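The values are calculated or read from the model by the stated rules, or taken from the named source; none is laboratory data. Note that the coordinates shown come from a computational prediction; the quantities given were computed from them, not determined experimentally. Counting neighbours? That spans all protein chains shown, and the Cβs are built from the backbone with ideal geometry, glycine included. Remember, those area values only see protein heavy atoms, side chains included, never the ligands or the DNA or RNA. Shrake-Rupley method; radii C 1.70, N 1.55, O 1.52, S 1.80 Å.
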Amino acid sequence: MGFADLSIAEIAADYSIPVEKVFSLCNQLGIAYKHQKTRLALEDAKAIISQISSERRPKGTSDSVGDLGL
């Protein structure tokens, strides 16, 4: 398992959310951490970022071109 070289604090700063929100996501996703400087495995960082992105995406929208009705 590779490391993303991202800490919980860095993800919080990059996405302008409180560190406590990232802690909450870690708990929901079963990701172990000790403190905000904990370095995350690549898969764990991707899971957290994916969750943040999905929460920000308005409901009923999709990233898929096929859903654009073009």
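Could you report the range 9-54's accessible area per residue, 1.4 Å probe, as an integer in Å²?
Value for the range 9-54: 59 Å² per residue.
Sort 25-38, 7-20 for me by packing, meaning the mean count of neighbouring Cβ atoms within 10 Å per residue, highest on top.
7-20, 25-38
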